[in-house]
Amino acid sequence: MYQLITYMKTHLILIWLCISLFSFAQNDTIKKSKYHFWENKAISVGYQNGLVFQTNDFLRGRNTRAANVDEYQDLFIKLSKRTNGEKLWEQIYKYPTWGFGVYVADFYNPAEIGTPIALYGFLNAPFVRWNKGTFNYELSFGATANWKSFNPLTNQYNVAIGAGQSFFIDAGLNLDFELSKHIDLVTGFSLTHFSNGALKYPNSGINSIAPKVSLKYNLYKRPTYLKQKLPKFQPTNEWEVSTFVGAKNLIFIDSVRPDIIEQYEGLLFPVFGVTAVFNRQISRKSKIGFGMNIVYNSTVNAEAAAKAAISSNDFDPIAGPLGDKIQISIFPSYELLVHKMSLTLQPAYYIYRKKAINQSPVFHQRIGLKYHISDDLFVGITLRDYAFHVSDFIEWSVGYKIGKK
């Protein structure tokens with residue numbers, strides 16, 4: 001045993017000496033790599049306190065406290081990188097910052113809502129830049145957990161959040177002032193939306209608006225902005241074709257299954273379809289266009305069929321005449337281009353669909369994010385909602401562009 005211990009000690013000492021020599025030899029390289037990692041980075045810590053829109057009965061006071069959920073507060077911390085114009089898109093967007101953040105919210109009702117925590121990515125880009133500050137817009141998208149979601153026995157009033165997780169969407173404006181060599185004061189406001197995209201009902205969602213303030217510490221000296229000569233822009237046209245899949249949760253209360261928890265699990269119904277859009281790129285940042293969406297929505301008139309089949313456990317959500325479940329909509333389209341990412345806004349209108357029970361409005365909205373794997377191939381996620389705050393379902397898509405590069 002003593003020999004074994006001596007053997008291990010000797011080898012550990014040799015390993016330690018090798019590591020020390022390697023570290024010493026690579027000291028300058030490590031310092032440079034550390035500097036390179038933190039170069040143009042900043043850490044922000046901030047606070048918000050604002051209003052919750054009264055969009056459902058739970059928020060309007062139908063809860064155990066019999067009080068409106070009409071205000072909230074949150075803390076956030078962000079790690080950001082300030083671009084310096086090394087890439088052409090950075091100059092086009094006036095040298096924006098981008099990064100990741102963590103957000104913790106308090107709706108003053110933790111027993112029924114919980115303390116949601118969000119992890120998100122963001123882009124903050126200037127409208128106007130001057131010597132000591134910028135006026136910016138900021139877009140954020142991420143995922144939120146730690147909700148106290150709806151439960152028919154223990155949390156039966158919370159119709160706002162039906163699952164323990166949700167999507168996080170935030171948009172706002174802010175002013176960034178340089179206070180010193182390393183410190184900025186950032187003030188502004190933002191609109192925030194929480195929803196799970198109808199993957200679990202109930203899902204009325206929570207929407208809020210709040211002013212915000214934060215301090216940003218720039219870890220190294222402020223960057224020197226590079227300026228390239230921009231090539232002449234030529235408007236181009238393209239066709240964009242994509243296919244998508246999704247799912248929608250429906251709940252049916254019946255007398256066959258006595259377990260109320262099981263009933264409120266509901267059933268997941270598939271949705272899938274295709275989208276075609278004709279776009280014209282009118283600037284380096286923007287495309288406008290017109291499109292059509294064809295969707296097979298298996299939730300159409302599904303309640304009667306589901307209730308009839310629940311007792312036999314033989315329910316086929318895709319059963320039924322094809323024409324009854326086809327829905328066709330048309331829409332104008334706007335696309336904001338940011339390097340390989342883009343944001344799409346599409347106010348849509350159904351031109352064909354079968355009349356159904358509890359039908360959503362004819363006018364609806366589509367908001368999406370796309371990531372371009374190559375010049376022609378992209379993947380995306382699109383939220384379809386109505387009344388500007390109620391989720392219908394989420395489209396997970398893959399698409400291809402045909403047109404002039």
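The values are calculated or read from the model by the stated rules, or taken from the named source; none is laboratory data. Only a predicted model underlies this, so the values are computations on that prediction, with no experimental measurement involved. Ideal geometry is used to build each Cβ from the backbone, glycine not excepted, and the neighbour counts take in all protein chains shown.
Points worth noting:
- Wholly enclosed helices (runs of 4 or more DSSP H) of segment 243-341 bearing at least 2 residues over 30 Å from the mean Cα position of the chain (by Cα) and either surrounded by fewer than 14 Cβ atoms within 10 Å (Cβ to Cβ) or modelled with pLDDT under 95 (or both): 302-310, 322-325
- Residue check for Phe100: among the aromatic types (Phe, Trp, Tyr) and either crowded, with 20+ Cβ neighbours inside 10 Å or not assigned by TED's automatic domain parsing to the domain that holds Asp74 (or both): no
- Residue list for segment 336-383, restricted to those being basic (Lys, Arg) and closer than 30 Å to Gly85 by Cβ: Lys340, Lys370
- Residue that is surrounded by the fewest Cβ atoms within 10 Å (Cβ to Cβ) [pool: residues in segment 104-163 that are of a type in the set (A, V, I, L, M) and touching a Lys or Arg at 6+ places or on another chain (Cβ under 9 Å)]: Val128
- Scan of segment 357-380 for residues that are under 21 Å from Ile169 (Cβ atoms) and within 22 Å of the chain's Cα centre (by Cα), ordered by number: His364, Gln365, Arg366, Ile367, Gly368, Leu369, Lys370, Tyr371, His372, Phe378, Val379, Gly380
- Test for Phe107: is it touching a residue at least 60 places away in the same chain (Cβ under 8 Å) and more than 17 Å from Lys227 (Cα to Cα): yes
- Qualifying positions in segment 204-227 - assigned to a loop (DSSP other than H, G, I, E, B), surrounded by 21 or more Cβ atoms within 10 Å (Cβ to Cβ) and in contact with a strand residue (DSSP E or B) (Cβ under 6 Å, 6 or more places away or on another chain): Gly205
- Only one of Ser180, Ser166, Ser190 that is farther than 20 Å from Gly101 by Cα and either crowded, with 19+ Cβ neighbours inside 10 Å or outside the structural domain of Glu265 (by TED's automatic domain parsing) (or both): Ser180
- The residues listed here are Gly172, Gly197; of these, the one that is surrounded by 18 or more Cβ atoms within 10 Å (Cβ to Cβ) and within 30 Å of Asn249 (Cα to Cα) is Gly197.
- Within segment 360-382, the set of residues being of a type outside the set (Asp, Glu), over 15 Å from Phe331 (Cα atoms) and touching a strand residue (DSSP E or B) at 6+ places or on another chain (Cβ under 8 Å) comprises Ser360, Leu369, Lys370, Tyr371, His372, Ile373, Leu377, Phe378, Val379, Gly380, Ile381.
Yes/no matrix, rows are residues, columns are (1) over 21 Å from Tyr296 (Cβ atoms); (2) outside the structural domain of Ala145 (by TED's automatic domain parsing):
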| site | (1), (2) |
| --- | --- |
| Ala198 | no, no |
| Ser204 | yes, no |
| Pro231 | yes, yes |
| Glu240 | no, yes |
| Ala247 | no, yes |
| Ile251 | yes, yes |
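- Val159 being assigned by TED's automatic domain parsing to the domain that holds Asn124 and either in contact with a Cys (Cβ under 6 Å, 6 or more places away or on another chain) or outside any loop (DSSP other than H, G, I, E, B) (or both): no
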